[in-house]
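Below: the structure, in structure tokens.
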Amino acid sequence: MLSFSKILVLIVVVVAVWFGWRWYQRIGEVGREKLRERDYGRRPQPRRGGSEPARGPGGAEDMEKCPECGAYVAPRSAVACGRPGCPYGR
């Protein structure tokens with residue numbers, strides 16, 4: 001037969017599982033939010049008067065044509081082509 005103490009223990013266990021599940025879900029949500037911020041939140045500043053480079057899933061970014069030499073480069077990781085008017089000179 002169910003006694004008062006057994007019912008009380010059952011209620012405590014159910015409440016503990018409920019709050020544990022809510023805590024687990026919240027930790028997962030915060031982690032996903034931080035990943036989203038890392039992948040999409042920080043956008044590089046445009047180098048010239050153009051628009052920002054578009055970044056897609058996985059941190060990919062659109063390439064743009066160098067106005068000096070005509071080569072397509074990723075704006076954040078481009079290096080100078082050696083020409084005096086190269087906008088990617090560092």
Point to revise | Residue that is exposed (fewer than 10 other Cβ atoms within 10 Å of the Cβ) and modelled with pLDDT of 80 or more, where the choices are Pro84, Pro67 | key: Pro84
**Study point:** When residues of region 33-46 are limited to those that are surrounded by 10 or more Cβ atoms within 10 Å (Cβ to Cβ) and of a type in the set (Lys, Arg), the one modelled with the lowest pLDDT
**Key:** Arg43
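The values are calculated or read from the model by the stated rules, or taken from the named source; none is laboratory data. All values derive from a computational prediction rather than experimental measurement. With ideal geometry, Cβ positions are generated from the backbone for all residues, glycine too; neighbour counts draw on all protein chains shown.
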